Amino acid sequence: MRVVAVSGLLLVLAGFLVLALVGLYRRGWPPETLSTDGGYLPGYSLPTEKPLGLFRWVTTVDHKDIGIMYIVFGVVAALWGGTDAMMIRTELLTPGATVWEPQTYNALFTTHGLTMLFFFVTPVFFGVGNYFLPLMIGADDMSFPRINAIAFWLLPPSLVMVRAGLVTEVLGKMLRIFGLQVGFLFALEPPWTGWTLYTPLSTTMVNPQVDVMLLGLHLSGLATVMGAINFIVTIVTERSEEVGWSNLDIFSWTLLTTSGIVLFAFPVLGSALLMLVLDRNFGTTFFAFQDGGAILWQHLFWFFGHPEVYILVLPAFGLVSLILPKFARRSLFGFRFIVYSTLAIGVLSFGVWAHHMFASGIDPRLRASFMAVTIAIAIPSAVKTFNWIATLWNGQIRVTAPMIFCCGGIGLFIIGGITGIFLASIPVDLVLHDTYYVVGHFHFIVMGVIAFSMFAASYYWFPILTGRMYNQTLARVQAYLAIVGVFVTFMPMMLVGQMGMPRRYATYQPDFWFTALQQLSSVGAFIIGLSAALWLLNFVQSYRLGTIVTDADVWDLKEIGQFTGEWQWFERKLEERSGRYRRNRPPDE
């Protein structure tokens with residue numbers, strides 16, 4: 001059954017490839033002007049206008065177009081993964097498995113974790129970086145435009161492969177309506193391994209979707225590595241003469257560090273995934289139970305997994321450090337120390353992975369060393385936090401939506417960070433390991449500073465992205481609602497975790513406090529969902545009907561000397577558009 005399912009999926013992918021090649025051939029590809037090195041022959045002039053319609057987005061290598069596609073893809077993945085979260089919280093309204101079966105619940109938190117970590121956060125930050133980083137450093141484009149496009153187009157099939165169990169089931173039922181029976185589409189079932197894919201469960205589960213999911217994750221890792229190489233080369237080699245290392249913006253510094261972490265972390269994950277595929281299908285014994293392979297998987301996974309936390313959070317730190325001073329009306333306090341702390345996190349992030357394994361029985365001396373490094377890595381994060389607070393001190397605060405999200409994200413990050421220091425202590429971790437305390441701690445960071453920095457950036461750069469202004473009142477309401485929702489959702493998890501409630505179970509003891517706090521957490525999750533819906537409504541409606549921006553200095557950045565490169569580009573774009581309008585205007589107007 002597994003072979004039939006995988007073969008069927010490969011046939012579907014091959015069909016799409018054939019259709020793509022036919023489409024390119026009909027449009028005259030390959031052109032005779034291509035040289036052997038992939039460039040163009042002398043005397044050939046490239047067209048300056050982009051194609052119209054869908055073909056523009058399929059063939060583009062423009063960093064701004066690719067950035068937009070990254071962001072849209074990430075938003076779609078977030079909505080999909082967020083739907084999983086709403087389904088999880090709906091089940092936990094009652095102590096028993098009354099809404100979803102336990103197996104469905106396990107599949108939900110598996111796909112929720114993988115979707116959010118691999119297909120939401122990193123693509124959105126890479127999209128923001130693709131669009132704005134070349135503008136901020138004075139580059140014409142990313143260093144490798146074609147690789148940039150390839151890196152993005154690997155992600156949609158990766159997401160489909162990871163979630164193929166649901167996709168193929170829906171497709172099979174649709175075909176059944178038309179009288180077509182395609183049996184292999186029902187062979188794939190949503191995986192319930194958990195997003196950490198721990199062995200021996202992941203090696204023994206008889207579900208071909210697990211193999212497809214592993215290959216999809218590996219493909220997404222290749223895409224991420226290609227994107228990271230592009231960022232590194234662009235920042236190092238494509239800066240304009242006016243942009244040196246001393247005045248490189250903080251967001252570029254964090255993206256550079258993030259990309260460096262990617263280069264060391266993702267190849268380890270890719271190797272581990274391939275080893276797991278070999279164990280499942282070809283009889284290898286990398287993770288055989290009798291050889292201690294379960295611990296080996298944890299070492300390999302968390303060697304990637306904890307640096308991945310900083311891959312997610314460092315761009316968020318960069319966005320907060322970039323946006324916060326704009327609305328505090330003063331320069332970032334301690335810029336160099338924030339840069340140094342970013343680099344320190346990049347190095348220390350590879351020395352903390354085993355704190356996820358304190359309860360696994362590893363050598364106590366190893367546990368002590370990892371505890372020390374885990375506590376030490378909190379110092380550079382604290383440096384950033386104190387510098388953000390110092391930036392606000394005596395500033396002329398403008399209470400805009402980006403500022404509300406920055407301040408709210410800092411407050412929630414402080415809660416998540418301090419609770420993480422407790423988990424770095426071995427005795428405390430042995431008590432709280434695999435309880436809801438860990439879920440609350442992690443999500444205070446993920447939903448706090450990471451998601452909030454995305455919201456802040458979306459509002460801050462909305463005029464550049466769309467040429468219009470958003471509804472600022474609705475944006476402030478959405479910001480306050482999101483802060484309340486995150487606190488109400490995850491603080492009860494901290495409490496039930498301290499009461500000993502384990503995570504990853506569809507059912508729990510019918511205790512009054514367990515039930516009340518879980519229901520309160522679910523209410524908070526629905527508030528977050530409402531906040532996300534308001535953001536999407538504001539974004540779409542403002543894109544359609546928002547006030548057209550005619551002055552690029554929408555945030556009055558010139559008077560504080562922070563009218564940076566991307567806003568200067570936007571000003572030139574508005575001037576060019578205004579000049580074309582004046583030239584094309586009829587004389588009698």
So which of 136, 213 ends up being farther than 26 Å from residue 306 by Cα, touching a residue at least 40 places away in the same chain (Cβ under 8 Å) and touching a helix residue (DSSP H, G or I) at 6+ places or on another chain (Cβ under 6 Å)? 136
Can you tell me which of 389, 397, 418 is in a loop (DSSP other than H, G, I, E, B) and surrounded by fewer than 16 Cβ atoms within 10 Å (Cβ to Cβ)? 397
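A quick yes/no check of all residues on (1) in a helix (DSSP H, G or I); (2) within 28 Å of the chain's Cα centre (by Cα):
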| residue | (1), (2) |
| --- | --- |
| 481 | yes, yes |
| 485 | yes, yes |
| 490 | yes, yes |
| 493 | yes, yes |
| 497 | yes, yes |
| 508 | no, no |
| 516 | yes, no |
| 523 | yes, yes |
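Within region 236-267, which residues are assigned to a helix (DSSP H, G or I) and farther than 16 Å from residue 347 by Cα?
Filtering region 236-267 down to residues assigned to a helix (DSSP H, G or I) leaves 236-237, 250-267.
236, 237, 250, 251, 252, 267 - these are the residues of region 236-267 that are assigned to a helix (DSSP H, G or I) and farther than 16 Å from residue 347 by Cα.
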Which numbered condition residue 456 misses (of (1) open to solvent by less than 30 Å² (accessible area, probe 1.4 Å); (2) at pLDDT below 95): (2)
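Regarding residue 321, is this residue under 11 Å from residue 254 (Cα atoms), among the hydroxyl-bearing types (Ser, Thr, Tyr) and touching a residue at least 60 places away in the same chain (Cβ under 8 Å)?
Values: under 11 Å from residue 254 (Cα atoms): yes; among the hydroxyl-bearing types (Ser, Thr, Tyr): yes; touching a residue at least 60 places away in the same chain (Cβ under 8 Å): yes.
So residue 321 passes the test.
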Over region 292-333, the set of residues within 30 Å of residue 389 (Cβ to Cβ) and of a type in the set (Phe, Trp, Tyr) is 310, 317, 327, 333
With the condition kept exactly as written, say whether any residue in region 223-233 is touching a Pro at 6+ places or on another chain (Cβ under 6 Å), more than 21 Å from residue 293 (Cα to Cα) and touching a residue at least 40 places away in the same chain (Cβ under 8 Å). no
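Per-residue answers, yes or no, for (1) open to solvent by 10 Å² or more (accessible area, probe 1.4 Å); (2) in contact with a strand residue (DSSP E or B) (Cβ under 9 Å, 6 or more places away or on another chain); (3) of a type in the set (Lys, Arg):
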{"residue": "316", "(1), (2), (3)": "no, no, no"}
{"residue": "321", "(1), (2), (3)": "no, no, no"}
{"residue": "324", "(1), (2), (3)": "no, no, no"}
{"residue": "336", "(1), (2), (3)": "yes, no, yes"}
{"residue": "350", "(1), (2), (3)": "yes, no, no"}
{"residue": "353", "(1), (2), (3)": "yes, no, no"}
{"residue": "363", "(1), (2), (3)": "yes, no, no"}
So for region 88-95 (the condition being without any contact (Cβ under 8 Å) to a residue 40 or more places away in the chain and open to solvent by less than 10 Å² (accessible area, probe 1.4 Å)), does at least one residue qualify? no
Consider only pairs whose beta carbons are under 8 Å apart and that are at least six residues apart or on different chains; among these, list those whose first residue lies in region 453-473 and is free of Cβ contacts under 8 Å to residues at least 12 places away in the same chain and more than 16 Å from residue 322 (Cβ to Cβ) and whose second residue is surrounded by 24 or more Cβ atoms within 10 Å (Cβ to Cβ) and not aliphatic (A, V, I, L, M). none
Can you name the condition, by its number, that residue 281 falls short on among (1) modelled with pLDDT of 95 or more; (2) out of contact with any Pro (no Cβ under 6 Å at 6 or more places or on another chain)? (1)
Taking region 228-269 as the region of interest, how many residues are closer than 30 Å to residue 199 by Cα, open to solvent by less than 10 Å² (accessible area, probe 1.4 Å) and either among the small types (Gly, Ala, Ser) or touching a strand residue (DSSP E or B) at 6+ places or on another chain (Cβ under 7 Å) (or both)? 3
Pairs, first under 21 Å from residue 107 (Cβ atoms) in region 173-192, second open to solvent by 100 Å² or more (accessible area, probe 1.4 Å), C-beta under 6 Å, six or more apart: 187/1
Given the criterion in contact with a His (Cβ under 7 Å, 6 or more places away or on another chain) and either closer than 21 Å to residue 453 by Cα or assigned to a helix (DSSP H, G or I) (or both), identify the matching residue among 297, 302. 302
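Taking region 459-479 as the search range and keeping residues that are hydrophobic (A, V, I, L, M, F, W, C) and in a helix (DSSP H, G or I), which one is most open to solvent (accessible area, probe 1.4 Å)?
Quick first cut of region 459-479, residues hydrophobic (A, V, I, L, M, F, W, C) only: 461-462, 464-465, 469, 474-475, 477, 479.
With the extra rule that they be in a helix (DSSP H, G or I), the set shrinks to 462, 464-465, 474-475, 477, 479.
On the way: 462: 1, 464: 3, 465: 48, 474: 45, 475: 0, 477: 76, 479: 0 Å².
In this case the residue turns out to be 477.
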Where in region 108-201 are there helices (runs of 4 or more DSSP H), lying wholly inside it, with at least 2 residues that are more than 30 Å from residue 573 (Cα to Cα) and open to solvent by less than 20 Å² (accessible area, probe 1.4 Å)? 155-162, 164-177
Whether any residue in region 514-526 is more than 17 Å from residue 112 (Cβ to Cβ), open to solvent by 40 Å² or more (accessible area, probe 1.4 Å), of a type in the set (S, T, N, Q) and in contact with a helix residue (DSSP H, G or I) (Cβ under 8 Å, 6 or more places away or on another chain) is what I want to check. no
Given the criterion touching a strand residue (DSSP E or B) at 6+ places or on another chain (Cβ under 8 Å) and open to solvent by 20 Å² or more (accessible area, probe 1.4 Å), identify the matching residue among 500, 561, 529. 500
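Just checking, which of 370, 405 is more than 24 Å from residue 522 (Cβ to Cβ), part of a helix (DSSP H, G or I) and not polar (S, T, N, Q)?
Values: 405 fails: more than 24 Å from residue 522 (Cβ to Cβ).
Just one listed residue meets the conditions, 370.
The values are calculated or read from the model by the stated rules, or taken from the named source; none is laboratory data. Predicted, not measured: the structure shown is a model, and the values here were computed from it. Virtual Cβ from ideal backbone geometry, glycine too; neighbours counted across all protein chains shown. Surface accessibility is based on the protein's heavy atoms, side chains included, excluding ligands, DNA and RNA. Shrake-Rupley method; radii C 1.70, N 1.55, O 1.52, S 1.80 Å.
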